[in-house]
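**Student:** This structure is in structure tokens; I'll ask about it shortly.
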Amino acid sequence: MDIGFATTKLEKVLNSEALIRREYGDVNGHKIMLRMAVFAAAPSLDHVPKTNPERCHQLTGDRDEGFAVDIEHPFRLLFRAQEPIPRKPDGGIDLTAVTRIVIIGIKDYH
């Protein structure tokens, strides 16, 4: 899957192991690198595991149409499908057709 970034700062940090660890710490940094490797290896969003440890899930409410994967509780790596978002006939997001994502950030949104 292709990975884009919401900001150039986020791209710089998430493409450097040293900067990831400095920004997010060793435990979160390690898990962030693992999640990024899963994204890079997956041909589509449908191939990112929905069970632990990644637990890829669609968000709701004001973050509707966004997604998250677990890092170290309570942090999540937030991302969205690249525009235009592929749709199923029922209007839902077609995860098998999502081949490019945009990383929005890493947050505790709870």
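**Student:** In this structure, does L19 turn out to be in contact with a helix residue (DSSP H, G or I) (Cβ under 9 Å, 6 or more places away or on another chain), at pLDDT 95 or above and either over 13 Å from G105 (Cα atoms) or part of a helix (DSSP H, G or I) (or both)?
**Tutor:** Working: in contact with a helix residue (DSSP H, G or I) (Cβ under 9 Å, 6 or more places away or on another chain): yes; at pLDDT 95 or above: yes; either over 13 Å from G105 (Cα atoms) or part of a helix (DSSP H, G or I) (or both): yes.
Yes; evaluated as a whole, the condition is true for this residue.
**Student:** Can you tell me which of (1) exposed (fewer than 15 other Cβ atoms within 10 Å of the Cβ); (2) more than 11 Å from the chain's Cα centre (by Cα) is the one A40 doesn't meet?
**Tutor:** (2)
**Student:** Looking at the structure I just gave you, is G29 surrounded by 12 or more Cβ atoms within 10 Å (Cβ to Cβ) and either among the polar types (S, T, N, Q) or not in a helix (DSSP H, G or I) (or both)? Let's see the steps before the verdict.
**Tutor:** Details: surrounded by 12 or more Cβ atoms within 10 Å (Cβ to Cβ): yes; either among the polar types (S, T, N, Q) or not in a helix (DSSP H, G or I) (or both): no.
It is false that G29 is surrounded by 12 or more Cβ atoms within 10 Å (Cβ to Cβ) and either among the polar types (S, T, N, Q) or not in a helix (DSSP H, G or I) (or both).
The values are calculated or read from the model by the stated rules, or taken from the named source; none is laboratory data. Since we're looking at a predicted model, the values are computed, not measured. Reconstructed Cβ throughout: ideal geometry from the backbone, glycine too, with neighbour counts over all protein chains shown.
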